[in-house]
Structure formats: structure tokens, C-alpha cells
Amino acid sequence: MTVKWARGGPDLLVVLDRDAGSLGTQIQDQLRAAIREQRLAAGERLPSTRHLAGLLEVSRGTVVDVYEQLLAEGYVESAVGSGTRVAAMSGPAAAAPGASAVSSSGVAPSRLVAIDFEYGIPDLGSVPLTDWSWAISEATRTLPTAELGDEDLAGSRHLREVVTSYHRRVRSGCASADDAVIVSGFRQGLTFALAALKENGVHRIALENPGPREHALIARRAGLEVVSVAVDDQGLDVQRLRESGARAVLLTPAHQCPTGVALAPSRRRELVAWVDDVDGLILEDDYDAEFRYDRQPVGSLQGLSPARVIALGSVSKTLAPAIRLGWVLAPPRLLAGIITEKRLSSRGAPGLDQEALALLMETGRFDRHLRRMRDIYRHRRNVLAAEAELAFGPGRLRGLAAGCHAVLQLPDGVSEREVAATAATMGVRVNPLGLYRVPTADGESEPSAPPPALVLGFGNVGEEQIRGGIRTLATVALRPRAAAAGG
Ligand SMILES: Cc1ncc(COP(=O)(O)O)c(C=O)c1O
């Protein structure tokens, strides 16, 4: 059902799908996007809650909740006598239409980025800041004085209990608080785990190819030899892993980064057999498994083989990268090494933040946020899929079962780099798939295998931006080719 918001406020289209979950979430999402995209200008007056409720045929309470949430997030302001107005934006939300001009691809757009398909960014406008500030103040009020001493090297006992209980409940894991170490996000956990691996006589690690280049750099920095193992449409090729001679592997089984493939059940079994055969270790990067759309997320490998899996978790996708908290769930023989590394490098994460995260998760606020975000991302993913099919034809978008990114396959012969570079000049930021080729030891990318493709992050782009962005990409990628061949 389409509702035109015409009288009593700016002319803005709000589309409500009454079969698609919370109406409040839909309104909130669309208003937030309209403000971020500056379709609603600073100072613009929003209709009264009664008026908007009438126009959209929802209860007034729903609109009141929406306005309160937007108020708490800083998108709108309200003053007695002047109603609710769009706030003058500064900071990350306002930055979306153009702030940081260089993507991780190193492609510098020649003008501002209006539509940002950068990989890996969750919806920054939806970070539950009200809940987080509640949790921080609650942590400050309730943390026992003794715990201000930062004594527990593994991290807050409370948070370790909460995250392992969460991991057992949501990810079918089987770790307990004694198996957990709290860290400042996945990358720090990875660094500590790699150091412990090296202490345990592991010198070579296999990484998925394609995969994040940064992980290869982290592994090399930790003094390990990196070998890359191909990923196909079933996930990591375990036969090739066997042939690689590595005794450790880092992988993203729930939603491969960047291809989006979930590791097939037969591959999971082969992987667990491999790790026993080589007396090895699996590092499981569980970065976005919570956002699975077609069925329940596949369980963590840690639950299948706890003695041989180090599970690495992070709230960078579920909450925000700025919170910078994560956990490592490790077999007992590696724990001491991980904790030593943590002690000698940084002592990990701030104690009050750890307590706040424990409270957020324990009180159900974290789960509520995940449910809300799942609906938002599902909706964006559906818009992206429909728009990509319309513009590029069927079957071109892959890796949509989970997470906040997908891979758009371009027509053969098109240069993914050139498409990304040209799109950047038109205000659309997107990464070519080739950016995720694991670099060789001398820093070069391995030759990019066809077909050409783009990685589209859809976590932090609104619906209209997705539509506009895909249309721009189609214009660039499908135009008669003169310069676009090769590369
Ligand atoms: C593949 C992958 N793993 C893990 C993470 C989380 O890393 P961190 O917790 O260091 O932000 C990300 C975030 O973008 C990611 O893309």
C-alpha cells in the first residue's frame, strides 16, 4: 500500500507494506533514510503525530514511538510550541552523502559519494544509542568497585558468561565462560589467536580466496606463512586445503566474505575430518551470521569440534564498529597463549564497556535490536535483488542468504575496476571483487579470475539509494563498450 504524505508536511513518499513486519520500524527506517539523504532538509517540520498517524493509517502511539526514537538518535529535534523538526546534521549520519572520499579500494571518487555500497558497514543510523547509553550508565552505577581494578586478564567474567550463553543459544556453540577471552573486536582477537597458534608450532595458515586482504596482512605480520585456498559455490575447497600443507585455516563458514556462500554441509564434515587428520586448528570468523534471511543461521563450527575450533565473534556488524568489542572462544590448550598475548599487548577492552555490553545482551535489548535490523536488512536486500534483476537480468546477484552484502556479477568482458572507478565519478562507491584477492607475499594481488563482479554492501544505504545506485551501475556496466574491456 502506498501513502502519499502530502498535507501537513513535506511531500514525501512513505511506503508501508502491512505484511512485512513492524509498521513503526518501516516508518522509522524511511524517515531516517529521508533525513540522511537530505530529502527532508534540516529545519523542516514533521507533521504532528496525530496527523501522520491519520495519513498512514497507523496508531498514534506508533508514530509517537517513531519520533521518540528519531529524537534519541539525533535525527529530529523538538521544542515546545514548534513541534518536531529535522535536526541540523553533523557527524556520521550526515556524512553519508559524501564524507570519506576514499574507499578501501583506494578508488578516490572525483566528486562526493552520494551512494555508498562500501562493504562491511552496518546501518549507522540504526545503532541503538539510547539502549547503549542506558547500558553505560547502568554499568557505571552497578559495577562492583573491585572490578574497576581490571584484574581478570580474560576480560569481564559477566560478559564472558553472557556471550558464551548467547553463542550456545544462537550459534549452537558449546563454550563456557572459562573458554572465552574478551577482546577489542575481531581483528584484535585474530592477532592474539595467531600468536598463540605460532607458540603451538603452527607456521602456515590457509585463508579463503577471495577473502579480506587485511586478514592476510595480519597473519603475515604475526609471522605466519599465508597460503590461499579457493572458494567455490560450496564454500572453501577442502581438498585444496588438504593439498596446501597448512595446519590452520581462517574461514567465514556462515556467510563467506565476500562471496556470500554458506559452507555446504558436506564441506563442513570434510573440514572437521581434515582438522583431525592434520592435528590442526580452525579459526572461525563468525562476523555476520545473525543476519540470515531464508532460514535459521547455520550453527557455529565451534559446536561441532570444540577442541579444534577457535571461534571469533564481534559486535561490529550487529551493533557498530565503534563499540569495538568481541570475543575469542578457544580450546583450553590455546587459552593461556591468547591471554598472555592480550596481557603483553594491551589488556584488551575497557571494563565499563564490557559490563555495558553484558547488560545490553542480558536484558534482551541486543536481541531486540537484531530482530529489528534483520527486518531492515531483509527489506534492503529484497529491494537490491529486485533492482539488480531489473537492471542486469536474473541470477546476477549472489550471496544474498545472509549478511549485509552481496556480489553482483557483471557481463563477461567488462572491467570491474573500470566500472567501480567510473561509478565513483558519478557518486556511487562500490568495491570490485578483485580487491578481495588474497595478496601474495610481495603484496601483489593474485591474478583476478573471471567473471568480473562487484561487492555491494547494503547495510548503510537506504532503499532509494539502492535503486539509484544500481541504475548508475547498470548505466556504466551495460553501455556499449569501448574502453571497458580487460582488467
Ligand atoms: C570478514 C569480517 N570479519 C570480521 C569483521 C569484524 O572485524 P572487527 O570486529 O575488527 O571490526 C568484519 C568487519 O567488517 C569482517 O568483514
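Quick rundown of the values:
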item	result
Separation of alpha-carbon centers, the stretch 390-428 and the stretch 48-62, rounded to whole Å	39 Å
Estimated dipole of the chain in Debye, rounded to 20 [Cβ of Lys and Arg +1, of Asp and Glu -1, Cα centre]	660 debye
Separation between Cα centres of the stretch 221-266 and the stretch 350-387, rounded to whole Å	27 Å
Kirkwood Rh (inverse of mean 1/r, distinct Cα pairs), the chain, angstrom	23.8 Å
Selection of GluC sites (Glu not before Pro), the stretch 121-216, meeting DSSP coil and at most 15 other Cβ within 10 Å	GLU151
Length-normalised contact order for the stretch 130-363 - Cα pairs under 8 Å, 6+ apart - percent	30 percent
Low-density loop positions, trypsin sites (Lys or Arg not before Pro), the stretch 213-314 - DSSP coil, at most 12 other Cβ in 10 Å	ARG295
ALA322-GLU199 pseudo-label distance in nm [points 7 Å out on the Cα-to-Cβ vector]	3.5 nm
Ranking of ASP65, ASP285 by count of other Cβ atoms within 10 Å, fewest first	ASP65, ASP285
Residue (of TYR287, ALA195, THR140) at the positive-pole extreme of the chain, dipole from beta-carbon charges	TYR287
Dipole of the chain [Lys/Arg +1, Asp/Glu -1 at C-beta], most positive-end residue of GLY459, ALA336, HIS167	GLY459
For the stretch 121-231, diffusion coefficient by Stokes-Einstein and Kirkwood Rh (Cα), 20 °C, 1.002 mPa s, µm²/s	126 µm²/s
Segment ASP294-ASP150, length gained on full extension (0.36 nm per residue, minus Cα span)	47.6 nm
Percentage relative contact order, the chain, counting C-alpha pairs under 8 Å, at least six apart	19 percent
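Rule-based calculations on the coordinates, nothing more; no lab input. Computed from a prediction, not measured in an experiment: that's the story for all the values here. All Cβ positions, even for glycine, are placed from backbone atoms using ideal geometry, and neighbour counts span all protein chains on display.
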